[in-house]
Every structure is written in C-alpha cells, then in structure tokens.
Amino acid sequence: RVVEGGGKGDRAAQEEREEQEMKNMVWGKGLVQMEEQVDLAKRIEKERSMPFARRADDKEMNDDQRAVQRWGDPMAGKVKSAPSAKPKYRGAYPPNRFGIAPGYRWDGVSRSNGFEAKWFASRNERANLESAAHAWSTEAM
C-alpha cells in the first residue's frame, strides 16, 4: 500500500473537524428548548437596559402580565383582548358628565331634562368666578 506524505496531518485535521461537529451537535436538547434559551438570553439583555424600579403604570410590564394564560382564571373567557369591531355613532352629540358616547343606533334627538346642560353651565360659571377672583386678588401685586 502506498501512503502519501501528509497522512498524520490529514488525520489530525479530520479529528479536529469531527470534534468541532460533536460540539455543534444537539444531543439531549430539543429545538424548542434551544429557542427558549435564546429567547431568555434576549429577554435578559432587554431587562438590563430597563430601569430598576418599575411601577404599575409601566405599559410593557402590564402587557406582559396580561398576556400570561393562567389555569383556573374565571375571567379568561369573558375579557376581550382586542377591541370590538362594533360600529360607533358618527356625528355630534351633547356632552355628558361621564364622557360616554351615544350608541350607534342613536337617532340624534336629545331626550334629556336639561340637567346635564345646567351642570356644565354651573361648572363653567364656577371656573370663571374662580379665575376672576384670582385676577382681582393679584391685581395690585
């Protein structure tokens, strides 16, 4: 048998390639677990850039907590996650104390007894009186 000169070098290179392939092989781990590990690393990196103190008005934290599905949650089926596609009333309507828009079937006729209009008038009058009193009290300063 004729062997060329670089036999040992080729063998070492072959062993090195096999060793590298063994390192890259995924034994004992599934694809899902590897993806979870990558996601966790990304999340940790993202958390490092966030401020240490997070409050109740943190939108991202609230969204993350709302997205979690919990077993035995009695409201899980009742709370809608996306806004409904119900039609809305388009047009002008008189204001009310609660800021509630009329239903989409409203015919545009105000059937109130005038209480809301009086309530808004008294609020405006009170605000005007307070601003006039403030202006009068600071006039000579």
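FYI, it's all coordinate maths here, none of it is from the lab. Since this is a predicted model, take the numbers as computed values, not measurements. Positions of Cβ are backbone-derived with ideal geometry, glycine not excepted, and every protein chain shown enters the neighbour counts.
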Count of lysine pairs, the chain, Cα-Cα under 28 Å, sep. 8 or more residues or interchain, comes to 14
Expressed in nm to one decimal, what extension gain is obtained for the pair residue 67 and residue 131 from 0.36 nm per residue of sequence separation less their Cα-Cα distance? 18.3 nm
Over all alpha-carbon pairs of the stretch 72-119, lay out the pair-distance distribution in 10 Å bins, whole %, shortest bin first. 20, 35, 23, 17, 4
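Quote the charge dipole size of the chain about the Cα centre in Debye, to the nearest 20; the model charges only the Cβ of Lys and Arg (+1) and of Asp and Glu (-1).
1000
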Computed E for residue 101/residue 121 - FRET, C-beta separation, R0 25 angstrom, nearest 0.05: 0.70
Once the convex hull of the alpha carbons of the chain is built, what does its volume come to per residue, in cubic angstrom? 416
Enumerate by residue number the trypsin sites (Lys or Arg not before Pro) in the stretch 54-112 meeting two conditions: DSSP loop (anything except H, G, I, E, B), and at most 14 other Cβ atoms within 10 Å of the site's Cβ. 54, 55, 70, 78, 80, 88, 90, 97, 105, 111
Once exposed loop chymotrypsin sites (Phe, Trp or Tyr not before Pro) are cut out (DSSP; at most 11 other Cβ, 10 Å), longest piece of the chain: 105-141
Tell me, what is the percent relative contact order of the chain, built from C-alpha pairs under 8 Å that lie six or more residues apart? 10
